[in-house]
1. Name every residue in segment 20-68 that is more than 16 Å from the ligand (Cβ to nearest atom) and of a type in the set (Ser, Thr, Tyr), in order of residue number.
2. Among helices (runs of 4 or more DSSP H) lying entirely in segment 69-162, which contain 2 or more residues that are away from the ligand (no atom under 16 Å from the Cβ) and closer than 19 Å to Ile307 by Cβ?
3. Given the criterion under 22 Å from Glu113 (Cα atoms), among the small types (Gly, Ala, Ser) and in contact (Cβ under 8 Å) with a residue 24 or more places away in the chain, identify the matching residue among Gly154, Gly179.
4. Please work out if Ile40 is within 18 Å of Lys108 (Cβ to Cβ), of a type outside the set (Ser, Thr, Tyr), in a helix (DSSP H, G or I) and in contact with a Leu (Cβ under 9 Å, 6 or more places away or on another chain).
5. So which residues in segment 225-236 are surrounded by fewer than 22 Cβ atoms within 10 Å (Cβ to Cβ) and small (Gly, Ala, Ser)?
Amino acid sequence: MEVRAFVWEKDHLLLLEQRELPHREVWLELKNHKDVAKAIKEMSVRGAPAIGCVAAYGFLLGVKLGYDPEEVYEELKYTRPTAFNLFWALDRMMNALKEGRDLEEEAKSIEREDYEANIKMGEFGNELIPNKANILTHCNTGALATAGWGTALGVIRSAHRSGKEINVWVDETRPYLQGARLTAWELMKEGIPHSVITDSTAGYLMSRGLVDLVIVGADRITARGDVANKIGTYTLSVLCKEHGIPFYVAAPHSTFDLNIESEREIPIEERSPREVKSFGECKVAPEGSPATHIAFDTTPAQNITAIITDRGVIKPVSRENVLRLFDR
Ligand code: MRU
């Protein structure tokens, strides 16, 4: 069975509680936009495209229940600041409402289009993957982070399905452990050979010739191709530069924020220090020590070999090539 992060059920949204994975598969029943906003904020659902899809259904639920659309929009908007797909999806829903279109159809289209975009990225990305490859990835960019299949993990899935000999190094992705808990779980289900590593292992593996390429997802991409993604992504891009290893980003067109040019303009989420001071349930730092939890970092375009999108591959990564994709 294909992994699903959420399922629309006519008058409510079923959501796989990702904080319980990989140990338990618990489904939440979200009945209104407040439930959805809470699920996004508390990371029961995460990953930029999945956040966008779920927010669209949240908007639908709130408006259907008779809440003021502006209020619903605002409540969902102020959940997480970095993933552009959230704002993109909410704007689409608001426009559909203003144009008198069917909101349920619009939310379903957002979901369907995201799935199709992932399949396309898988096809384009697969052309960049050698027949035998050790691939390192960060965070979770799979079916759980999207409407299905995945972005960076979707490319890996497509390469594996096409018969290539793939081994995946899975960064555990501290502190939330999206790699160890979620990516490894998806790879296990799919039977793709992999090995979970601590985030600090990447440099050693690269220095020993054990990484052929790195592929990650994105939460927001600017007009000139700078990328925000899970904290630790920038470090990997610098390591790739040092070792001459290709560094790829895979993201659908809904992740591009063409209103901004530079990585400096991307709002970066800071989360509770408590999440850094514990490892799962286990506390690992003195109670009195302050901690900083910056959840995302930014990678400049010049560190990126290519960006794989549902509309084609951007290579080299430049303002001109990004805008060409959007017919601008
Ligand atoms: O904090 P998260 O788990 O929402 O962060 C997710 C990521 O950073 C992913 O790499 C990104 O959203 C791309 S998902 C296809």
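What follows is calculated from the coordinates using simple rules that are stated; it is not laboratory data. What you see is a predicted model, and the numbers here were worked out from it, not measured in a lab. Here Cβ is always computed from backbone atoms with ideal geometry, including for glycine, and neighbour counts include all displayed protein chains.
1. Within segment 20-68, Tyr57, Tyr67 qualify.
2. Numbers: elements: 69-77, 84-98, 103-126, 152-161.
By residue number, 103-126.
3. Details: Gly179 fails: under 22 Å from Glu113 (Cα atoms).
Answer to the check: Gly154.
4. Values: within 18 Å of Lys108 (Cβ to Cβ): no; of a type outside the set (Ser, Thr, Tyr): yes; in a helix (DSSP H, G or I): yes; in contact with a Leu (Cβ under 9 Å, 6 or more places away or on another chain): yes.
In short, no.
5. Passing the criteria: only Gly232.
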